[in-house]
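Okay, structure first, notes after.
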Amino acid sequence: MYRMPALFCLVVIPLTASAAAETLDVQISDVRATTGNVMIAIVAGADGFADKTQPIASLILPARGDTVAFTTNALPAGEYAIRVMHDVNGNGELDANFVGVPTEPYGFSNDASGSFGPPKWEAARFSIGADGAVQRITLNH
Amino acid sequence: MNRRNFIRSTAAAGIVTGSGLHVQANGAPSWKAAFRAALDNKPWLLGFLGTDAQQFTTANARIEGRLPDALRGTLYRNGPARHEIGDYRYHHWFDGDGMVQAYRFTDAGVSHHGRMIGTSKYVAESLAGRPLYPGFGSIPDNTLPVTGPDSVNVANISMLHHGGKLLALWEAGSPHEIDPDTLDTRSIHSYSPQMRGVPFSAHPRVEPDGTLWNFGYVSGASLIVLWHIDPQGNLVKAGKVPVNPISMPHDFVVTDRHIVILNPPLYYETEATTDFLSAHVWHPERATQVLVIDKNDFDNRFTCELPAQWVFHFGNAWEDKAGVIRFDGARADSPMVMLTSFRDVMRGLEVRDDAPARHHNYRIDTRTRTAREEALLPVGLASEFPGIDARVSTKRHHRVVVLTSRQGSKAPHPMLDAVTLLDIDGGGQDTYRYPDTQIPEEHLFVPAPGSAPESDGFIVGTFLDWRTQRTGINVFDATNVASGPIGTATLDYVVPLGLHGKFVSA
């Protein structure tokens, strides 16, 4: 398992985060290739999940083993979802075929899945409450 | 225990246990139990039982009559074959995992080899001992997420021999490359990295020079993809045509200048919390959209209309100098056979088809952008599985081989019961009616070596005899079908009823 201090990787951290933060513990498994990076976006709300607004936080972790994981206490209590992709070839994008089907691994919080497209916010959302939150995400290949 | 006895004993075991053991939570018998119970009263259901076998082999099939010296090569066929995994039986005929069959005609006689296609779905579910993914018309419990079409690709519809490769085709994902000698599944075949997993229909059209055209529907994206592939198997170009609402077209036609796709009003509408087929709604009051696309410029296209109809399969198309496209196909008033009959058969219910297909001729005038249709066969004479002499593909043609059945003299099974060579200009028919206990499958026209197009040749097709529990293959003289097969090769086991094949001459 590759574990790193996630706070150093957060590129967007809400300024209010430190006040009432709880711990989010995330583990992403079935990372098969050891090239490229696992790119993670933590979003709040359906608009964030649909990529209409910026993620609350994003992380880039090198793919160096079957599993990557991080914990953060930078997020206040609330509802979130996580999008993960494994950028195997390191081009910074989730590659897709001629009709838009991803050709690199990806995953969502709650291991949510959609039919003919990404899952809905309702399926992927989870709460960070007083006890924090744990997310175990398996990549789809 | 040989294969035949195995089938008999498993069928009998199912009947014994069917009444009590295999019961669903709501008290209804499982589809597996219901099917086995029905097999006793409807012995023709044997063709839909399916198999657990990975391979069948026969070195020397039993020969009756005379197999012509001029017929040398291999008939490769495909079709759904494994219908059950563990206690689960699929709820649609089209869900079964594909199996490729090779009937080889050599100087030594006829051999047979059948082998399951090693799709990732087949391999993973075989290891798990249960279904892991949703199907075309089935949703087993506790399925895994579908990450792309190829995770549910069962490669079970047809075969293609092109560009030096033998390919097993599905219609919603990639082809699978098959070793022509061992029938081993080599891998998924991608025409380019960008085209991996892009739908490639089971009915590509190949011009006499080897140029290949195909399409594929992408329901979630409301797109039809077009493929242009050169005779060596290299991708020339691919295109996307937005089609909304979108149906699930199964076949299409191509002329020297145009691609024609019928988009019938069986629309993909509902969120797929149900199976893929059930996410489609039939709208008989709406028109069938006819897409006419310039082969050289996919953006140059128009749409015209025909009445609501369902055409699984077309014969061929050609275009005259004035710009009128002619084509022919097996036209049904509705897709009932797919929506209902091929579900019902999987649990042994009475199979009804109130809207049987029968062959029609079509014309599209590209100047006035209008389409019209004309029945070639009368009401009561059903037909399907049209095939042509491949040497006239996309050119003017005069004949198609079809399976038929005539109301009033129908065999005691619900499938088509005769093979007919049909003159599409005048409607003339040369027909052989199979014995009551035999179910014919698709029959193909195989030209005699050195013959002129659509003249001398053979009609080659497989059949299941449910009484003797044997699959066989018949060869007819194409100039005299009515006199019956000139030669027959018979296996001593049952090959599950399949769909489409190609004859690859030696």
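The values are calculated or read from the model by the stated rules, or taken from the named source; none is laboratory data. Since this is a predicted model, take the numbers as computed values, not measurements. So basically every Cβ, Gly included, is an ideal-geometry build from the backbone, and we count neighbours across all protein chains shown.
Criterion applied to B:Gly197, B:Gly173 was being over 20 Å from the mean Cα position of the chain (by Cα), within 14 Å of another protein chain (Cβ to nearest Cβ) and either in a loop (DSSP other than H, G, I, E, B) or not basic (Lys, Arg) (or both), and the one residue passing it is B:Gly197.
Just to be sure before I move on: is B:Ser192 surrounded by fewer than 18 Cβ atoms within 10 Å (Cβ to Cβ), under 30 Å from A:Pro118 (Cα atoms), within 14 Å of another protein chain (Cβ to nearest Cβ) and modelled with pLDDT of 95 or more in the structure I sent? Yes: the conditions hold for B:Ser192. The numbered conditions (1) under 21 Å from the mean Cα position of the chain (by Cα); (2) over 19 Å from B:Glu374 (Cα atoms); (3) surrounded by fewer than 20 Cβ atoms within 10 Å (Cβ to Cβ) are all true for B:Phe302 except (1). When B:His413, B:His500 are screened for being within 23 Å of B:Asn41 (Cα to Cα) and touching a residue at least 12 places away in the same chain (Cβ under 8 Å), only B:His413 passes.
Within the bounds of segment B:57-65, is there any residue that is over 25 Å from B:Arg130 (Cα atoms), among the acidic types (Asp, Glu) and assigned to a strand (DSSP E or B)? Looking for residues that are over 25 Å from B:Arg130 (Cα atoms), among the acidic types (Asp, Glu) and assigned to a strand (DSSP E or B), one finds at least one in segment B:57-65, hence yes. Checked against the criterion of being of a type outside the set (A, V, I, L, M, F, W, C) and farther than 22 Å from B:Gly148 by Cα, the candidates A:Asp111, A:Asp47 yield just one match: A:Asp47. For segment A:129-141, the condition of being in contact with an Asp or Glu (Cβ under 6 Å, 6 or more places away or on another chain) and away from chain B (no Cβ under 14 Å) holds for at least one residue. Taking B:Ser222 as the residue in question, decide whether it is within 11 Å of chain A (Cβ to nearest Cβ), in contact (Cβ under 8 Å) with a residue 24 or more places away in the chain, surrounded by fewer than 22 Cβ atoms within 10 Å (Cβ to Cβ) and farther than 29 Å from B:Pro264 by Cβ. Here the answer is no, as B:Ser222 does not meet what is asked.
All conditions in (1) in contact with a helix residue (DSSP H, G or I) (Cβ under 7 Å, 6 or more places away or on another chain); (2) within 14 Å of chain B (Cβ to nearest Cβ); (3) not hydroxyl-bearing (Ser, Thr, Tyr) hold for A:Leu94, with the sole exception of (1). Just to verify a result, which residue in segment A:42-62, among those that are touching a residue at least 60 places away in the same chain (Cβ under 8 Å) and buried (at least 16 other Cβ atoms within 10 Å of the Cβ), is farthest from B:Met195 (Cα to Cα)? If we take residues in segment A:42-62 being touching a residue at least 60 places away in the same chain (Cβ under 8 Å) and buried (at least 16 other Cβ atoms within 10 Å of the Cβ), then A:Gly45 is farthest from B:Met195 (Cα to Cα).
Looking at the structure I just gave you, is B:Ala61 under 16 Å from B:Val494 (Cα atoms), modelled with pLDDT of 90 or more and touching a Gly at 6+ places or on another chain (Cβ under 7 Å)? It is true that B:Ala61 is under 16 Å from B:Val494 (Cα atoms), modelled with pLDDT of 90 or more and touching a Gly at 6+ places or on another chain (Cβ under 7 Å). Checking each residue in segment B:351-365 for being surrounded by fewer than 19 Cβ atoms within 10 Å (Cβ to Cβ) and either of a type in the set (Val, Ile, Thr) or without any contact (Cβ under 8 Å) to a residue 40 or more places away in the chain (or both) picks out B:Asp354, B:Arg363. Restricting B:His258, B:His283 to those that are over 20 Å from B:Phe94 (Cβ atoms) and touching a strand residue (DSSP E or B) at 6+ places or on another chain (Cβ under 6 Å) reduces the list to B:His258. Annotation: of all residues in segment B:250-271 being free of Cβ contacts under 8 Å to residues at least 60 places away in the same chain and under 22 Å from B:Pro134 (Cα atoms), the one that is surrounded by the most Cβ atoms within 10 Å (Cβ to Cβ) is B:Tyr268. A single member of B:Asn214, B:Asn153 is within 14 Å of chain A (Cβ to nearest Cβ), in contact with a strand residue (DSSP E or B) (Cβ under 6 Å, 6 or more places away or on another chain) and at negative phi, and it is B:Asn214. I'd like to check something: does segment A:64-73 contain any residue that is among the polar types (S, T, N, Q), in a loop (DSSP other than H, G, I, E, B) and more than 9 Å from chain B (Cβ to nearest Cβ)? Yes, segment A:64-73 contains at least one residue that is among the polar types (S, T, N, Q), in a loop (DSSP other than H, G, I, E, B) and more than 9 Å from chain B (Cβ to nearest Cβ). Only one of the numbered conditions (1) surrounded by 21 or more Cβ atoms within 10 Å (Cβ to Cβ); (2) under 18 Å from the mean Cα position of the chain (by Cα); (3) at negative phi; (4) away from chain A (no Cβ under 14 Å) is violated by B:Ser138, and that is (2).
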